[in-house]
Structure formats: structure tokens, C-alpha cells
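Only the coordinates and a few stated rules stand behind these numbers; no lab work does. Quick caveat, the model's predicted, so the values are computed rather than measured. Here the Cβ positions follow ideal geometry from the backbone for every residue, glycine too, while neighbour counts run over all protein chains shown.
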Amino acid sequence: MYDELLKTVVTLLPEIFLIAMATILFVGGAFVRAPRVWLIVTVAAEVVATYLVWQQSDSETAIYGPIIADQFGNVVRWLATTTGLLLVLAGARTAKGKLSTEFLGAMLVITAGVMFVGRANELVFLFLGLELISIPTYVLLYLGRQGRGTAESTAKYFFLSILSSAVFLYGLSFVYGLAGTTTLLAMDSGTATIQSAFMAEPSTLGGIALVLVLAGLGFKIAAVPFHFYAPDVYQGVSHSNAALLSIAPKLAGMVAIIRLVLIGLPGANPMVWQLLLVIAVITMTLGNVSALWQTDLRRMMAYSSIAHSGYMLIGLAAAAAAPTQAYGGIAAVLFYLSVYALATVGFFAALSYLGDNEESVRNVDDLAGLANNQPLIAAAIALFLFSLAGIPPLAGFWGKLTLLTSSVDVAIHHTDPTARTWFLVLAITGGINAAIAAAYYLRIISIMFFRTSRTPLQGTGGWQAAAVGVSALLVLLLGIDHGHIADAAHEAESSLRAFPEMEQTSLDPGEAKLPT
Amino acid sequence: MFEPENLLLATILVPLVGACLMWVLAPLGDVIVRRVALGTTLVALVGTWALVAKFPKNGDQPFAVWSWFDASRDLNVQFSLGLDGLSLWMFALSAVLMVTSIFVSWTAIRERVPLFYGMLLLLEFGCLGVFTAQDIILFYVFFEFTLIPLFFLIGIWGSEDRQYAAMKFFLFTLAGSMLTFLGLLAIVLFDYSRTGSLNFSIADLTSNQSVPEQWQVCIFVALFAGFAIKVPLFPVHTWLPLAHVQAPTAGSVFLAGILLKIGVYGFLRFSVPLLPNATAQCMPWLLWLSVIGIIYGALVALAQSDMKKLVAYSSVSHLGYCTLGLFALTPLAVQGSALQMINHGISTGALFALVGMLYERYHTREIAQYGGLAKRLPCLTFFMILFTFSSIGLPGTNGFTGEFLILIGMFQRGWATPDLLIIAILAVSGVVLGAWYMLNLVRRVFFGPLREPTGHGHDNGEPITDLNVREVAALLPLAVLVFWIGLYPKFFLDRMAPSLNRVTFAAEEEVRHLDIQNEKQAAAPQVVTESLARVR
């Protein structure tokens, strides 16, 4: 009894540590006003958490109550702490303001929330993780900037987020009603789990549950038709908060879809890949095409982040259609998430370095001539944008490579000819979208490099510059040697597939072979 | 140390190191930066020539393969480089033309000098990489990578409309190459389903031939999208004149000389050997597109009033010959096509350089503003006439060798498949048109009464001078190559023929197969074959 409890505590050590640190920050901040010190403490906490996660990273798959400790969870935690660290650095301007510890503590809680979602093996725990991300986010959005726009954005985000949580919970109630348990997976096939319950005949109620769950999570990842809030909200908040919004909920939402929909509810409905595929096609096309006309930088990046959700849904659809394939969709999504997070946080950190108040950097044209007066920052922004556009040899290219491979793989190997056609369409849409996306990324680059500025921008903030530097370095290194992350992502996918039920009942194994 | 594979790797990395040096040396001033850039390209040139000298005469296997392989990876894209007959000469030409590009920018580029030479060297790195990549994904990485430096070269140092030209160039090429990318992925995955292991090596994919027949045309179209835009073939050529006119001289030289050839090279390396069945089926369509490009490009060139635009459209026409020869799929035509790739790089690269030199003196490219320059600039006129002759294929110059082989090969194909004979005849008319517009340009600009652009002279009123040593040094190597290839093509053909035969063999077989199926005479008449034997 105590032995198991101890094991659970040990495996949760990084999360417990982060929440404890957040509590210290919240309480301590009320008595000690030293933003610089608290910032250093937070950065140290993120670094320590990363180290703790790294210490646990080669553990075998094991289940402790509501927690599943597997390679997939480890990759998500590793991603959460790394991007959490970069987000704290990018938000250093807010962190030095009046409400310093509130900001920093909320960031730590969000990091812990993402880590919980990555390891949830139980519906309630999963919901807890998602709410641990949402609630601090409401606070953070208010902290970044003051102004009517911010108030409007935050209110909008708050109400819609509550609504999506409610829809998601409603879906979970159907899942619980059908399965009679809240546990997703179990090591032995005797225990009742959601996975085994949903292996049976697809039912109408299963379909309803699926749609509700996807709707709730679709809000988190800003997938069409739950994307409407994104442009307005991003536009109204500070650069660093926009970075947070485009990374943390997306990371958690994608991970939750994988854990809950792809692995937990495999037999809920055979239509799951159709649903994901159609959402993917519409999401990326709408995101990219709308971004073409934007002049506000954050609004453009909001549409870009919608489009990137669409790309990642390619991998999810492929994983749903053919659970066993050469280069799996789940691995591709994990890889893409890390690549996307790095480039996005780097981009927003660079904007934050150039100025966070209303006037300085708002429109694309404000970046004119940046290459002349801030050559290094301009080069870094160009690097991030080329990576987001998927131009080799940068990290983003390998992300696109893995996603498109997963889709083309299904298009060739699936047994159902309709599925083959649809995945071919999906792959081609993905390819064309990459070209459309390049248009607006290139517009920013060409304005920075080919135009001259009227008012040179002054860059301030060593912390943000550090975030830019670290992200730029990682984007370059991941481009040159993508192998380590790709391997980790692949191992993560294999660890998800390792459960006995999956091997017997994959929906449509096709001709594809098991991962080598 | 001087094993060929190490030499190859070193040669490719030299420009990359040089590009990094530009960044480091930037504070030391433009003069040093320029000299270091020139030194870097010369080192790369020496490396290339050492490789050419070591290249075996009749080998058809990749030479000097340098691989960095890690079998433990799931997605084992390899960093694998090597040279064979297809890539050897384009590889060497990249190194030669980069020296020319650096010489022509010596005084023309005055702003952001370190960045300019850094981008040029990155471009050289990308091109050397494209031609040596032995891994299908590595090829694509280099293929796309070349877009970035050229995007900046056009966008920062181009003429008035540079921003639009740079964007159009980038997006056009990217849109096509995304489809190419999907096609390449599909080839890899078909190979996976047959062999059970993910394999990205071009040589293995070629020998496995795993793409099923019913999928070949589909994948061929996907590959075609990217390569045809890069070449560019007739309906998708619109980015090219714009990019050429707006680009700085060095950009135009390298774009025409090397980057366009990557499209033809892609056809030769991937479409033809990996999808022989589809190549045979699509052959008539491809030949028609090529010949339309030849004639359309020539007619539009005839109507141009801007010299650079004229040369740009002549590129469309000349690259039509390259693809025509390639898809005629007879050994002679394919060899001619591969030779014409080099010839066009030399002659058009030099013509762009010459137009750039004129522009530097008079600041206009309008043909109508010039006349009788032969008296004023005899040396420039000499080179202009020389490269014009090379471009229109006068016997004795390189252009003749290439076009002659292509046309003979095309007629061979025409005799085998009479439906295609009309294409061969139309292609010959392109030669006449080519001579017309090029000679017309030379006549109007360099002969007749002297007429110099007014109000456009040197900014500080210096007198107009003829070519200086630097400019002659930029053109002389190309002039030597014109006669070398023109008079002794055997040196070049010997080294590429075995590889070309190996690559196109499967597709030629398919064509023969298709012809027999259509109950048509497969063999060319005896007379032609004999006369061809004499030519070779």
C-alpha cells in the first residue's frame, strides 16, 4: 500500500515539485517584492523539472492509479518543461512588472498541467490536467497588458473556454456511461477499462461521445469550426501571451486527443478518421488562406497556428486510419509539436524583445528594415518563419516530412480504396497548403529584409534575447540532426501501441507492418 | 586525406565555410570580404577539377561516394554524397560559374557586401549538394535550400520590382516542389511495402523498381509539377523572365546556368529511371510541351526590347531542347540533352554576364538605345559575338554539338514513331528562330552607326572603357569551354555516356515495348543508324 503510494509520488516528482514551487511563488510574492529574483527562481525551477523528467526518461511502461508512466508521457513532459522554460523567458517583460509572481506561478502550474495531461490514464485526471492549463491562462491573459482590447480578449477566451470544458465534460459523461469506468488502460486484460469497453460494436452513443469530446478538444487546438476566438484573442494580448496561447493548449489538446480518442476509444466509431481528416483539410486551408490577408502580426500568427493544427490533424487522421504503419502519425504529431513550439515561441520572443506595448510592433509593416538595424534578430525571425514554412534544412521541414509520410503511407497501403483516395487528397492538400503558408511567412521576411525603415526599432530585454537565441539554435540543430527527437517520438508511439488490446483490434491494419 | 570521397566532401563544404567566414570577416571591410569569397570559390574550383581528373573514363557507378550512415535510426535519411556521369559536369560547371558570378559582382554590388557574398556561397553550397546527393530526401533538402539564398539575392540586390519577383520565384517553385516531395515520398513508401525496410538511397530505389504500373503516371505527374516549374517548361515559365530581369547579374548568371538545370537533372535522375513506364506513356505529351516551349520562347524573345528579357526567353527556348532530347529517349538525344545542359549554362551564363557588364557602363538594357558599340567596346563585342555563336549553335562551338545530337536523336525517334516526326521538324525551325533573334540583337547593339544611351553615362562622368582584366577573367574560362566542348566533345561524352545509358535504359525498353504493342516499326532505318555511327 505505502509502497505503491511511494512509487506514485516518485513518478510524479517533477509535477509535485513544479506545483510546490508555484505555491511558494504565490505566497512568497505577497511578502517579498523582488521580480528579478523570482524570475531566476522560476527559470531554475523549470530547469530542475526538466532534469527530473530527464532522470525518469527511460522508465518502463507502468500504471500507478490514474497515472500512466510511459515513453509517450515522458516525451510530452520533456516538451512541456522545455517550452515552459522558453515561455517564461519570452514573458520576462510581464514577469518584471507589478504582478510578477502571479505570472511566474501561473506559468509553472500550466507546465504541470500539460505534464498531467501527458500521463493521464483516467478521465477525471485528464480533465484536471486540462483545467490546470485553462484557469491560470485566464489570469495570465489579464496580466500581460492593460487596455480595453485585453479585457475583451480575455473575457472572450474565458467564456468560450468554459463552454468548451462543459462540452468536453458532457462527452466524458457519455464515455463513462458506456464503459462504466473512468480508467483508460490497464496492464492486464482482466480489468475493465474504457479501451476494452469500446473495442466492441460501434454504437450511436459512442459516436455522440466522440463528437462531443472532439468538439471540446477542438477548441483547445483551435481547429475549425472552433477556431473563431483565436484571431481576436491573440490580437488583444501581449506577444508572450500569444505564444503561450498558441503552444500550451495546443500541446495539451493534441496529447488529449491521442490519449483519449486514438488510444482510449479505438472502437467508438469507425468514422473517427473521416472526421479528423475533414477537419484537417478545412482547418489548414482556412487558416492559411485567411492568414494571407492579415496585416496585424498576432492576428496573422493566430491564423497560422490554426493552420498548424490542421497539419497536425493529418498525423492524427493517419494514425486513426491505420494504427500500425511505417512511420506513424502519432510520432509525426509529437515531432511536429516540438518543432512548431520552438519556432513559435522563438518568433514571439523576438517580437517581445522588440517591444510589447501597443505602438511598437503591431503590424507587419512595423518590422520594415529590421535587417538593417537589428540584423541578428531579423535573421532569427527569418529562421523561425522558414522553419514554420517547412523549408529545409530547418526543423520544420522534418516535421512536414513525417506528417506527409504518414498520410502518403495510408494513401498507398490502406485496404479500403475510398480511404486511399481521401488520404491522397489529404496529402496533396497538405502540400499545397505548405506553399500557401510560405506566401505570408515570406511577406514578413521580405518586409524585414527588402524594405527600409522609417523608425528603427529598439530592442530591449536580455531574457527574451536568450529565449530567441536558444530557440534559434534548437531549430537549426534539429534541422541538421532530427534523428534523436524523431527516435524519441517513435518510441513514444510504440509505447502507446504496446497494450495487448491494440494489437488484436486495430481498426484496419491494412498491409502495413508493425513498426520496426 | 586525398581520397576522392574526402575530396568531394571537402569541396562541398568549402563554400559553406566561406559563407560563415563572410559573417566573421564582415567588420574587416568589403575588400577583404570580396577577396576571401573569390579565394573560397577558387579553392572549390580546384577541388572540382581534381575530382574531374580522377573520374574514371567509362565507369557507370557512382564515384567517390561519401556516406554518413546510422543504421539504428528509424527514419534513416543518410548524408550520402557521390558523383556519377550525370552529375559530374553540372557539379563542375557550378564551381566554374560561381567564379564568374563573383567577378561580375565585384563593383556592381556596393550594399551589404558580406551578406551578398555569403548568399552566393550558400547558393554554391546548395547546388553542389543537389548534384551530389545520393539520398532522395537529401536531394530534396538541397533542392529547396537553394531557394533561400536566391530569394535574398533577388529581393535585396535586384532592380525596381525585386520584392514581387523574389516572392513569385519562391512561391512558384515551392508550390510545384511540394507535389514533387509527395511523389518522392510515395516512391519511398512503395519501395517499403515491397522490401520491408525504409530505404532512401537513390541507387537502391532505382534498382528495386518497386512502383506499380498503375501508380506510375500519377507519381510522374507529381514529380513533373516541381521539375517542370524549375526547368521551366512552357505553361509554367512565367516566373522566369521576371526573376531574371529583376535579379542582380550574378543571380541571373547562376540561375540560368545552374538552377534551371536542376529541373532537367531531376527528370533525368528520378522521373526517367524510377518511372520508366510512365515516361514511355507520357513521352508524346512531354515532347509536344518541349517543342512548344522551344518555338514560343523563341518567338517571344524575338519581340523583346530589353536585352536581359531576350536572353531570359531564349533560356525557355533552349531548355526546351534539353527536355526534348531527354524525352526523345534515344541514346544520342539523351547524351545531347545532357551536353546541352552544360552548353546552355556556359553560353547563357556568359550572355547574362555580358548584358550585366553593358548595364554597369550605360545603366540601361533597352536594345533601341544602343548601336554600333563594336567601335567603342571591341573586346566586349568580341566576347558577345563568340557567345552568341555558341548560343545559336554554330559548328565548332559547343552549342552545335549539343543541338546536333538532340536533333539527330529526335529524328531517330521520329522514324521509329512517325507521329512524332512533326515534332522533330518543328524543333529544327527553333534553331532558325534562335539564330534570328540572337543575331538581330548583336546587329542592332554592336553594329551600324554608333549610338550611345544619353544621360546614362558613368555617374561621375568617367569615360566608358572596354572590358578590364577582371571582366576578361570572368569570361575567359567560359570561352575556353565553348571551344573545348565544341571541338572535342568526346572528353565530356565519354564520362557521362555510361551513366546516361544506365539511367535511361529501362525507359527506352518501355518505349520499345509500347511501340511493339502499337504494332509499329520499332527499328530506325538502316541509313540513319549508319550515319549516326559515323557521327559518334
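Some observations on this one:
- Taking 0.36 nm per residue of sequence separation and removing the Cα-Cα distance, the B:Ser305/B:Trp49 pair yields an extension gain of 88.2 nm.
- Pairs spanning more than 19 Å between alpha-carbon atoms, out of B:Lys230/B:Lys261; A:Lys250/A:Lys400; A:Lys98/A:Lys156; B:Lys168/B:Lys309; B:Lys54/B:Lys490; B:Lys308/B:Lys375: A:Lys98/A:Lys156; B:Lys308/B:Lys375.
- For A:Glu122, the residues whose amide H sits under 5 Å from its own are A:Leu184, ignoring neighbours fewer than 5 places away on the same chain, with H placed 1.01 Å from N.
- Each label was represented as a point 7 Å from its Cα along the Cα-to-Cβ direction; for B:Asn440 and A:Val47 these points are 7.2 nm apart.
- A:Ala166 versus B:Asn501: modelled label distance in nm, points set 7 Å from Cα along the beta carbon direction: 7.9
- Average beta carbon contacts from partner chains per residue of B:335-345, 10 Å cutoff: 0
- Scanning chain A for DSSP H helices at least 15 Å long along the axis (C-alpha atoms) with a Kyte-Doolittle mean no lower than 1.0 picks out A:13-31, A:35-55, A:71-90, A:100-119, A:123-144, A:204-221, A:272-291, A:329-354, A:375-389, A:417-450, A:462-480.
- In nm, spacing of pseudo-spin labels at A:Ile480 and A:Arg454 (7 Å Cα→C-beta vector): 4.1
- Principal-axis analysis of the Cα atoms of chain B puts helix B:162-195 at an angle of about 20° to the longest axis.
- For B:Trp66, residues with placed amide H under 5 Å, excluding near neighbours: B:Leu81, B:Gly82
- Calculated FRET efficiency for the pair B:Glu5/B:Glu111, C-beta based, R₀ 45 Å, to 0.05: 0.65
- Karplus-derived HN-Hα couplings along the stretch B:154-160 (A = 6.51, B = -1.76, C = 1.60, θ = phi - 60°), whole Hz, x at Gly and Pro: 6, x, 8, 10, x, 7, 4
- Between the residues A:Val32, A:His414, A:Val470, the greatest Cα displacement towards the positive end of the dipole of the stretch A:2-505, with unit charges on the Cβ of Lys, Arg, Asp and Glu, is found for A:Val32.
- Count Lys and Arg as plus one, Asp and Glu as minus one, and take only other residues whose Cβ is under 11 Å from that of A:Gly329; the net charge is then -2.
- Averaging the sequence gap over all C-alpha pairs within less than 8 Å and six or more residues apart, then dividing by the number of residues, gives chain A a relative contact order of 16 percent.
- Charge sum, other residues only, whose C-beta stays under 13 Å from A:Val109's C-beta, Lys/Arg counted +1 and Asp/Glu -1: -4
- As a rough guide to protection, the peptides B:17-24, B:407-414 ranked by mean Cβ packing within 10 Å, highest first, stand as B:407-414, B:17-24.
- Listed values for the stretch B:92-107 are Karplus-derived 3J(HN,Hα) couplings in whole Hz (6.51 cos²θ - 1.76 cosθ + 1.60, θ = phi - 60°), namely 5, 5, 4, 5, 5, 5, 5, 4, 4, 4, 5, 5, 6, 8, 3, 10, and x replaces Gly and Pro.
- Using a cutoff of 8 angstrom between alpha carbon atoms and counting only pairs six or more residues apart, the relative contact order for chain B works out to 16 percent.
- Burial ordering of B:Phe55, B:Phe389, fewest other beta-carbon atoms within 10 Å first: B:Phe55, B:Phe389
- Neighbouring Cβ atoms from other chains, within 10 Å of the Cβ of residues in A:431-441, number 5 on average.
- The value for the stretch A:2-505 of Rg(Cα) / (2.2 N^0.38 Å) is 0.92.
- Extended-chain gain in nm, criterion 0.36 nm per residue less alpha-carbon gap, B:Thr454 and B:Glu213: 80.4 nm
- Residue-averaged beta-carbon neighbours from other chains (10 angstrom radius) around B:184-190: 6
- Tilt relative to chain B, helix B:469-487 - C-alpha long axis, 0 to 90 degrees, to 10: 40
- Taking amide H as placed 1.01 Å from N in the peptide plane, B:Arg112 has no amide H partner under 5 Å among residues 5 or more places away or on another chain.
- Estimated FRET transfer efficiency (B:Glu360, A:Leu473; beta-carbon r; R0 35 Å; 0.05): 0.30
- Protection-proxy order for peptides A:210-223, A:402-415, B:195-208, each taking the mean of Cβ atoms within 10 Å per residue, highest first: A:402-415, A:210-223, B:195-208
- Based on the reciprocal of the average 1/r between different C-alpha atoms, the Kirkwood radius for the protein assembly as shown equals 30.5 Å.
- Relative to the current alpha-carbon distance between B:Lys57 and B:Arg35, full extension at 0.36 nm per residue lengthens the span by 4.4 nm.
- Computed E for A:Ala155/A:Asn363 - FRET, C-beta separation, R0 25 angstrom, nearest 0.05: 0.55
- Nearest 10 degrees, 0 to 90: helix B:213-230 Cα axis against chain B principal axis: 0
- Phi-based couplings in Hz for the stretch B:115-126 (Karplus 6.51, -1.76, 1.60; Gly and Pro marked x): 5, 4, 5, x, 5, 4, 5, 4, 4, 5, 4, x
- For chain A, size of Cβ-based charge dipole, Lys and Arg +1, Asp and Glu -1, in debye: 1680
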